[in-house]
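The next block holds one structure in the form of structure tokens; read it before the comments.
Derivation of every value follows stated rules applied to the coordinates shown; laboratory data play no part. Given the structure is predicted, the values throughout are model-derived calculations rather than measurements. Cβ sites come from the backbone with ideal geometry, for glycine too, and all protein chains shown count toward neighbours.
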Amino acid sequence: MQIDIGSHLPDPASAPGKRVAIVAARFNGDVTREMLETCRSTLGEFGVGADAVDVYWVPGAWELPQAARKIGALRQHDALIALGCVIRGDTPHFDFVAGEASSGLGAVAREIDVPLLFGVLTTDTPDQAWARASREAGNKGRELAESALHMIALYGDLED
């Protein structure tokens, strides 16, 4: 079986009836809220109704994997998107949180039966975080929403 990658580019008619969960970290919440709003509006552009997007808030990036695992086990969504922002400070705390968020979400992605998109920004400065989160600079929320729709379509093709 060969699947044409072009057939999985988001189509505005492709997403009605799909449900998406977004797990968002409150820490550095100004950045994650910006990504969340763009993610939600992008999903809406492709036909995912506002009532079909469930948002779950967690304290920080560290808690994203455990919440994603629990939400994925509910089997109520076609995709999960994890949003967070970890900005390097003066201590090794950044390395532990960013590393565990990444490895934890990777482990969950291999465990659950729906796509899990990684949207945790790991930056050295707040300016770098805003450069990735701002709507003017190609907000990562849009990219994640489009990737989620791509993966939903791919998973659907693999089940056919």
>> Checking the condition under 18 Å from L149 (Cα atoms) and either surrounded by fewer than 17 Cβ atoms within 10 Å (Cβ to Cβ) or out of contact with any helix residue (DSSP H, G or I) (no Cβ under 9 Å at 6 or more places or on another chain) (or both), which residue from R75, R88, R26, R40 passes?
In response: R75
> Restricting to the range 102-125, what's the tally of residues that are surrounded by fewer than 19 Cβ atoms within 10 Å (Cβ to Cβ) and touching a residue at least 60 places away in the same chain (Cβ under 8 Å)?
Replying inline: 0
>> Quick check on the range 106-145: of everything there that is assigned to a strand (DSSP E or B) and hydrophobic (A, V, I, L, M, F, W, C), which residue is farthest from L83 (Cα to Cα)?
In response: L116
>> I'd like to know if the range 107-124 contains one or more residues that are farther than 29 Å from A73 by Cβ and over 12 Å from the mean Cα position of the chain (by Cα).
In response: yes
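If you take the residues of the range 61-90 that are in a loop (DSSP other than H, G, I, E, B) and under 19 Å from D127 (Cα atoms), which of them is farthest from the chain's Cα centre (by Cα)?
D90
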